[in-house]
Amino acid sequence: MMYSRHKLGKEIMKTADEMTLWESEKGLLKVDKNALAVQILKDEEHLGYVFGGKSKFTLDTIVETEKGAIGKPVEKEVSQSFVMIARKDEVRDSLVHADDKDLAAFEDEHEKTFLTDAEDLLNRFLNGPSRRNRHSNIGSYRGVIFAFQNEKHEFDILIAKGSKLVYKAAERVFISNGGRGREILKSEDGVVISQFGNSIVVMNNSHPHVDICRQGISQC
């Protein structure tokens, strides 16, 4: 059952054109024209949207160290519905009313109605393993949160505010502190911590090792 203080709005809308939902020097999220959208409400106040339609998500999770670049970027074509939590509604003016043809096109592709899909998605997001923390913090965060469905039927999460971001996916965790120059990457290959040219690298392989690199030192 969906958490009682949260619900979906009654109007189903769509994007009038291709729309950028998030952009920074590290990445970009764009949703295609005619993607469906329904508002998420908390205590009758705007909290965000569920979007259904094709979109593209890119994120630079490469960390530069004295030993070279470590990691690889995220480049995804998103076809499943996803959650966007943003208290400040900056996209409403770019949405228009969806008609029966738009809803039928979604149902033909996904074999379920958009509202059914959105309700199921929001229910799983709100009532997942970390639901208590989500319920206490989700309404107070002043940035933007995206929750994408992954192959494990779980969520990849992007949390962003200005130049700061946290990305948590099944295969990696990436944290960037924006202008402060600090980045942390944890992946199957190991852990990298970098700040202003100094870095600590802990790699996972047959012979685990730790490299501590300092700016201006070519060997570390």
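Among residues belonging to segment 168-201 that are basic (Lys, Arg) and open to solvent by 30 Å² or more (accessible area, probe 1.4 Å), point out the one that is nearest to the chain's Cα centre (by Cα). So that I can check it myself, show each step before the final result.
First, the residues of segment 168-201 that are basic (Lys, Arg): 168, 172, 180, 182, 186.
Still in the running and open to solvent by 30 Å² or more (accessible area, probe 1.4 Å): 168, 180, 182, 186.
Numbers: 168: 8, 180: 22, 182: 20, 186: 17 Å.
Checked segment 168-201; the qualifying residue nearest to the chain's Cα centre (by Cα) is 168.
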**Asked** Does any residue of segment 152-160 turn out to be at pLDDT 85 or above, β-branched (Val, Ile, Thr) and part of a strand (DSSP E or B)?
**Response** yes
**Residues satisfying the stated conditions in segment 22-69, i.e. free of Cβ contacts under 8 Å to residues at least 24 places away in the same chain and under 13 Å from the mean Cα position of the chain (by Cα)** = 23
**Item:** Positions within segment 170-220 being of a type in the set (D, E, K, R) and modelled with pLDDT under 80, in sequence order
**Value:** 180, 211, 214
**Item:** Which listed residue is under 29 Å from residue 171 (Cβ atoms), assigned to a strand (DSSP E or B) and open to solvent by less than 30 Å² (accessible area, probe 1.4 Å), from 47, 28
**Value:** 47
**Asked** For residue 103, are the conditions met, namely being open to solvent by less than 10 Å² (accessible area, probe 1.4 Å) and farther than 22 Å from residue 166 by Cα?
**Response** no
**Message:** Among the residues of segment 99-112, are any modelled with pLDDT of 95 or more, in a strand (DSSP E or B) and not β-branched (Val, Ile, Thr)?
**Reply:** no
**Complete:** Here the residues within segment 76-98 that are out of contact with any Gly (no Cβ under 6 Å at 6 or more places or on another chain), surrounded by 11 or more Cβ atoms within 10 Å (Cβ to Cβ) and not basic (Lys, Arg) are 78, 79, 80, 82, 83, 89, 91, 94, 95, 96, 98
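Just give me the residues in segment 50-73 being open to solvent by less than 10 Å² (accessible area, probe 1.4 Å), in a strand (DSSP E or B) and either modelled with pLDDT under 95 or closer than 19 Å to residue 161 by Cα (or both), in sequence order. Even if it seems obvious, please write down each step before you answer.
Step one: of segment 50-73, the residues open to solvent by less than 10 Å² (accessible area, probe 1.4 Å) are 50-52, 55, 57, 59, 61, 63.
Pick out the ones that are also in a strand (DSSP E or B) and you get 50-52, 55, 57, 59, 63.
Of everything in segment 50-73, those that are open to solvent by less than 10 Å² (accessible area, probe 1.4 Å), in a strand (DSSP E or B) and either modelled with pLDDT under 95 or closer than 19 Å to residue 161 by Cα (or both) turn out to be 57, 59, 63.
The values are calculated or read from the model by the stated rules, or taken from the named source; none is laboratory data. In this text the structure is predicted, and so the values were computed from the model without any measurement. For neighbour counting, all protein chains shown are included, and Cβ atoms are generated from backbone atoms with ideal geometry for every residue, glycine included. Heavy atoms of the whole protein, side chains included, go into the accessibility calculation; ligands, DNA and RNA do not. Shrake-Rupley method; radii C 1.70, N 1.55, O 1.52, S 1.80 Å.
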